[in-house]
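Have a look at the structure below, then the notes.
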Amino acid sequence: MRRIIVAALLAVWSLPAVAAPGDTPKDPKILPAAWHDVGAMTFKLAKGESFRLVSVGKMQGETSMSMNGQDMSFGMSGTTVSGTKSVVASDTDGKYKLDMLTDELSMKTEMEVMGQAMLISILNDQIKVTQGDNVLVDTVTGKGGELVKMFKGQGVGYNVKGSVTITPDGKIVGQMEGDPAFLKAQGATPSAGPFLVVFSKDPLKLGATWSVETNLSAMQQLQLKTPTKIVSTMKVEGLATVDGVECIDISLNIPVKVADAKAQMEQQGVEVAFDLKSMSGATTGHAYYDPKAGRFVYALTNSDIQMEGQVGLPGGMGQMPMKMHMKVKAGVFRVPVAAAAAPK
C-alpha cells in the first residue's frame, strides 16, 4: 500500500498544469506574410466583453526515485484540455479588470507503476484512477478514501474563480484575487500577465526584442516557498496569417533556474515538503497577436524542465530522492464563448 501511495503522490505531482474545454480546437494554419509597420501594440478590451482561452497540453516525463534502497523509474504521458472564460468587469482608468472562471477540465495521464499501467482520468469534478484491473479511486462510486485528496484540486482546477487587473500592455496591477486553486495556477504562469506576452512601450519593429522580469512561484504542482525571479525575452519575428487573420509573430524564451529551494505540494489539505536541489530548463514558443482587433488568437509553447531533490512522504514515512525530466507541448487558443459553452 505504501508504494501505491507514493506512486499516486508522484502521479498527481506530475500532472500537466495547463488549462481547457468541450471540443478540442484544431491547430490553425499559419503562413508567413510580408512585414509592414504596425505601431504600438495594446490589448483592446471593453466592459462586458467575454472571451475564452483554451489550452491543450501534451506531457511526457521520466521519473526516477529510490525507496528502501531500491531504485525505480517510470515514464508518464498525458493530455490535458481546459478552458477559462474571462469577462471584462471594468475598463476604467486605463486598466481592465477581468473576472475569470475555469469552466471545464479534462485530463488523461498514463504511467507504469510496479510493472502495471496506471491510468488517471479526470472530467470536470469526476476522477477515476486504475492500476491494472484494480480501481484505486472512483469519485462516482465513492471509492478511494484518503487517496481522493491527492487528486482533487490539482492543476488549474475545475470551477475555480478569480480576478486580475491588467494594463493595456498586459502587466498585472495589484494582487490577484480568487479561489486558492486559481491563485496557485496563476503562479505557474511564466509571464507578468495572463496572455503570455507583456508588450514593450515602444512601437514594435521587425526584430525588436525586450524582456520582462517576473516572479516564478509555482511549477506544475510544486509551490516555491520563496519566489524566484525569471526573465522572459520576447522578439518580433515578423507577420503571419493565422487561419487567414494577419498577426504579429512574437517568439518567447523563458529560462528557469532554481537551486537549493524549499517547496511543497498541497492537495486539499495534504501537504508534502520538497527540498528542491535544482530545477532548470526553459519554455520557448510563439504567440500570435492580431493588431487590428487588439487580441491574441493563438500561442504554442514547448517546455523542457528537469528537477532533482528530496520529496517528503506523507504520514511521516521519511524522504525519498527523486529526479524528473518533463516535456510539455501546449497550444493556447482563443475561441468564441458561445461556441465553446460547456455541455449541459
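Read-outs: derived from the displayed coordinates by stated rules, not from any lab. Since we're looking at a predicted model, the values are computed, not measured. Here Cβ is always computed from backbone atoms with ideal geometry, including for glycine, and neighbour counts include all displayed protein chains.
Side notes on the structure shown:
- Each of H286, H36 was scored by other Cβ atoms within 10 Å of its Cβ. Arranged with the fewest first, they read H36, H286.
- Restricting the calculation to Cα atoms, segment 202-333 shows an Rg/Rh of 1.10 when the hydrodynamic-style radius is the Kirkwood one.
- Multiplying the residue separation of T233 and D125 by 0.36 nm and subtracting their alpha-carbon distance yields 35.2 nm.
- When segment 207-297 is described by a simple charge dipole with +1 on each Lys and Arg Cβ and -1 on each Asp and Glu Cβ, the residue from M279, T226, T214 located farthest towards its positive end is T226.
- Pairwise Cα distances in segment 44-103 exceed 14 Å in 68 percent of cases.
- Exceeding the 28 Å Cα-Cα cut-off - candidates K205/K257; K201/K262; K58/K229; K26/K262; K47/K257; K229/K329: K205/K257; K201/K262; K26/K262; K47/K257
- Positive minus negative residues near K277 (Lys, Arg vs Asp, Glu; Cβ under 9 Å): -3
- Summing Cβ point charges (Lys, Arg +1; Asp, Glu -1) relative to the Cα centre of segment 238-301 gives a dipole of roughly 140 debye.
- What the Cβ-Cβ distance of T226 and K108 gives, at R0 = 35 Å and to the nearest 0.05, is a FRET efficiency of 0.55.
- Sites K29 and M67 - FRET efficiency at Förster radius 56 Å, r taken between beta-carbons, to 0.05: 0.70
- Theoretical gain in end-to-end length, A282 to A40 [0.36 nm per residue, Cα-Cα removed]: 84.3 nm
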